[in-house]
2 protein chains.
Amino acid sequence: MNTYDLIFKKREGEKLEHEELKFLIDGFIEEKIPQYQMSAFLMAVYFKGMTPEELSDFTNIMVKSGEEIDLNDIGGITVDKHSTGGVGDGVSLSLAPLAASLGLVVPMMSGRGLGHTGGTLDKLESIPGYRIDITRNSFKDQLRKVGVAIIGQTKNIAPADKKMYSLRDVTATVDSIPLIAASIMSKKLAEGSSGLVLDVKTGSGAFMRKTEDAKKLAKAMLEIGRYNNRKMAAVISDMNQPLGRSIGNANEIKQAVEIMSGKGPDDITEITVVLAGMMLQLSGRQKDLKTAQKAALANLNNGAALKKFGDMIEAQGGDRKVCSNPDEVLKQPEYSAEVKSPENGYIEAMDTRKVGLTALSLGAGRERVIDKIDHSAGIEVFKKISDKVEAGETLAVLSSSTVKNMEEAKDMYINSLKITKDKVKSPELIYDIIN
Amino acid sequence: MNTYDLIFKKREGEKLEHEELKFLIDGFIEEKIPQYQMSAFLMAVYFKGMTPEELSDFTNIMVKSGEEIDLNDIGGITVDKHSTGGVGDGVSLSLAPLAASLGLVVPMMSGRGLGHTGGTLDKLESIPGYRIDITRNSFKDQLRKVGVAIIGQTKNIAPADKKMYSLRDVTATVDSIPLIAASIMSKKLAEGSSGLVLDVKTGSGAFMRKTEDAKKLAKAMLEIGRYNNRKMAAVISDMNQPLGRSIGNANEIKQAVEIMSGKGPDDITEITVVLAGMMLQLSGRQKDLKTAQKAALANLNNGAALKKFGDMIEAQGGDRKVCSNPDEVLKQPEYSAEVKSPENGYIEAMDTRKVGLTALSLGAGRERVIDKIDHSAGIEVFKKISDKVEAGETLAVLSSSTVKNMEEAKDMYINSLKITKDKVKSPELIYDIIN
């Protein structure tokens, strides 16, 4: 077997066998296969794709390149959720404790924000004391006792993916649906939950701008998961405007507390309930989705989810007072500024990626992996698509611990909006549920 | 400008501008752009191609990466020929002196054999004393005095192509028509002749197996040449069987002497005459192709071409007695063996690549660039496509300075043939002339 032949084979659109994929990935990790051959192979995959079986194999080999977390000794049904990311997507913060309050075990390993999207870990670190890097044993103990933990990915998870992603990142092979699916699923499979619900975002703030692509990605990930014996379901949901009202870190924690107090914005509450229902259904504990969603909604309103959230925070070293008095616990921004509407009309569209980059410019995100985050920075969005606005009315409030970029950020925010004189329909929140 | 964007742009099938191509190629040579980005770019070119203008630009930038030979001070009209290579394609040996005998200046820089194909330099080095590595000044002097020189390419010709070819060779991006065209033409343009006739081979012994591909390659090369102000013409010719009778090195020199004595095999004589006619036409010295070919044929028969061949050999340090008494001058093989026909019938097809590999196995070629050649080794082909053969009749004679591989070579040769009971038509020699 030699690398040239495998690149050639893929270039000709043929399916690679397990042994061939293993030769490639193992050789790449061991640096027997040079990066220039791997990048040519990845570009050939970009053009020629992979069959579902081939892609599942490919992903499985990436899983085996590192540590696989065994959650069989936890007891209980482990179900996780993964979102492809967006702006204001703090769903995990309330969803994970909500699902745990419904009797599931939620072993969530999350990531950090980069570019226009935020990350669950950054948001949780707004809570003083919260530790995302607990030991494997503490993680499992917490799952047994509390039923939920949100921690960072360990370095040993799917190192082949990490290495391959770095190469894709500089060779224009990131936005390949099979490669995205393999990258996400290699990590999720290694994390060992028996069920996984995917929230695949689509729209102006999502990586998949087109709904068609989001569906293809969801389908590819479902196939990989099922081929590897996981229970899988997916929702295709809207990211043509920010989710909820808050974009940032501390402010998204505060919003999560509101959601778990039955007082959150409608859209983010709805998707939280839908996803919790799907997780419950996937676990087999509740067959009917509607009934499952009712149970989920009840636990947002009766305080059960919020109690779990507090338990989780406490177990991970954080200050659970954030649940009762978030403003006291969370760092408050030093500067804020209102963005006013320049005209009368209706909000027709939001360039959601640009809204995310506005939050980044305020300090709420990072451009490079090594950048630091200002947890108090962010945006409160008061007007969304289809909302009527009057000239001079407040559209959003921007916050930051520095005043430096404020004017520029206001311009960016205004420029991300399209205002029209005619009435506009609100976009659907959920396009499809695939299970 | 950054490399990622250029890979992305090509991946999306867009045309790159001059400055962008220059950034890529210069960065690649200076090793500012890593090989893994270049290989991803090349794979994207494989799938998306280049526009004629873009490809011409790309080639021109590769030319500028190294030395460009200025032949303007030679006086006279410089015209060169390039063949894409095949088996028994010793045309240059007689064509170059023939064209010079017709009043053209032929500054030929040739290559060595590799794999199943032979190389003009190896053939010429069968002549004792012949030097292929003369100085630039001696080369020019010889062109002024003799009108023809066949030498090796200097190392400084199109180094970007050399570097890029090494990368393509290990990343399955060699067989891309635009990249092949750019590679060939970057060297030919740097060599500075004002006119160039291309002999693009097609068939079982050629790099372009399909005539359609050969035409595409010819077209791409013509466009590159014309865009760079060269006079260009091309012939698409057959390589479904070896050209002429001799395959090897010393034996092809002997055959060239026969061609220039008016006693060569029909096919190789014909294509030599056609190409010489095209070179003459391209130079503007003769407008009518038929008249030009008549003049060429005359100079094969009247000894004018052979005299030029002798003058060239002498000027380059070789023994010109090879023209009058080749067997005395050329090294003779120590062993030879006849390949007999196993049955009665007609030769229907020859796997010409395999015939070339048979010659290689006898020592006439090289597998790797560093291998040494046995100049006396080779094949004399007595029966070609459409010829009637009887069981036991000699199909070919194999020669070598070692007996080691003889039996294996006989089997290889037999296995390269397809013999049928029915009469067969001979393939056409010339499929198309493009000018």
Inspect the range A:307-319 for any residue being at pLDDT 95 or above, over 21 Å from A:LEU143 (Cα atoms) and not basic (Lys, Arg) and give the result as yes or no. no
Does the range A:149-192 hold any residues that are in contact (Cβ under 8 Å) with a residue 24 or more places away in the chain, of a type in the set (Val, Ile, Thr) and open to solvent by 10 Å² or more (accessible area, probe 1.4 Å), and which are they? A:THR154, A:ILE177, A:ILE180, A:ILE184
Residue count, the range A:55-107, condition polar (S, T, N, Q) and within 21 Å of A:ALA304 (Cα to Cα), comes to 4
Of the residues that make up the range B:290-297, is at least one without any contact (Cβ under 8 Å) to a residue 24 or more places away in the chain and either among the β-branched types (Val, Ile, Thr) or outside the structural domain of B:PRO97 (by TED's automatic domain parsing) (or both)? yes
Determine the pairs where a residue that is under 20 Å from B:LYS384 (Cα atoms) and of a type in the set (D, E, K, R), located within the range B:348-372, has a partner that is open to solvent by 10 Å² or more (accessible area, probe 1.4 Å) and part of a strand (DSSP E or B) with Cβ atoms under 6 Å apart, the partner being 6 or more residues away or on another chain. B:GLU348/B:LYS418; B:GLU348/B:THR420
Applying the selection to the range B:120-148, what residues are within 28 Å of B:ARG285 (Cα to Cα) and open to solvent by less than 40 Å² (accessible area, probe 1.4 Å)? B:THR120, B:PHE139, B:LYS140, B:GLN142, B:LEU143, B:VAL146, B:GLY147, B:VAL148
State whether one or more residues within the range B:46-54 are farther than 30 Å from B:SER101 by Cα, modelled with pLDDT of 95 or more and either hydrophobic (A, V, I, L, M, F, W, C) or in contact with a His (Cβ under 6 Å, 6 or more places away or on another chain) (or both). yes
Before we move on, is B:ALA220 surrounded by 23 or more Cβ atoms within 10 Å (Cβ to Cβ), out of contact with any strand residue (DSSP E or B) (no Cβ under 9 Å at 6 or more places or on another chain) and not β-branched (Val, Ile, Thr)? yes
Being without any contact (Cβ under 8 Å) to a residue 60 or more places away in the chain and among the small types (Gly, Ala, Ser): is that true of B:GLY129 here? no
Any hit, the range A:193-202, residues being open to solvent by 20 Å² or more (accessible area, probe 1.4 Å) and over 15 Å from the mean Cα position of the chain (by Cα): yes
Confirm whether B:MET312 is within 23 Å of the chain's Cα centre (by Cα), under 20 Å from B:LYS231 (Cα atoms) and assigned by TED's automatic domain parsing to the domain that holds B:SER194. no
Just one listed residue, out of A:SER101, A:SER166, is farther than 26 Å from A:GLN241 by Cβ, hydroxyl-bearing (Ser, Thr, Tyr) and at pLDDT below 95, and it is A:SER166
I'd like the residue in the range B:120-144 that is in contact with a strand residue (DSSP E or B) (Cβ under 7 Å, 6 or more places away or on another chain) and assigned to a helix (DSSP H, G or I) and, out of all such residues, is nearest to B:GLU258 (Cα to Cα). B:LEU124
Report, ordered by the first and then the second residue, all pairs with beta carbons closer than 8 Å, sequence separation of six or more or different chains, a first member in the range B:47-72 that is in contact (Cβ under 8 Å) with a residue 24 or more places away in the chain, and a second member that is basic (Lys, Arg) and surrounded by fewer than 17 Cβ atoms within 10 Å (Cβ to Cβ). B:MET50/B:LYS15; B:THR51/B:LYS15; B:GLU53/B:LYS15; B:GLU54/B:LYS15; B:ILE69/B:ARG136
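The values are calculated or read from the model by the stated rules, or taken from the named source; none is laboratory data. Since this is a predicted model, take the numbers as computed values, not measurements. Here the Cβ is made from the backbone with ideal geometry for all residues, glycine too, and neighbour counts use every protein chain on show. All accessible areas refer to the heavy atoms of the entire protein, side chains included, with ligands and DNA or RNA removed. Shrake-Rupley method; radii C 1.70, N 1.55, O 1.52, S 1.80 Å.
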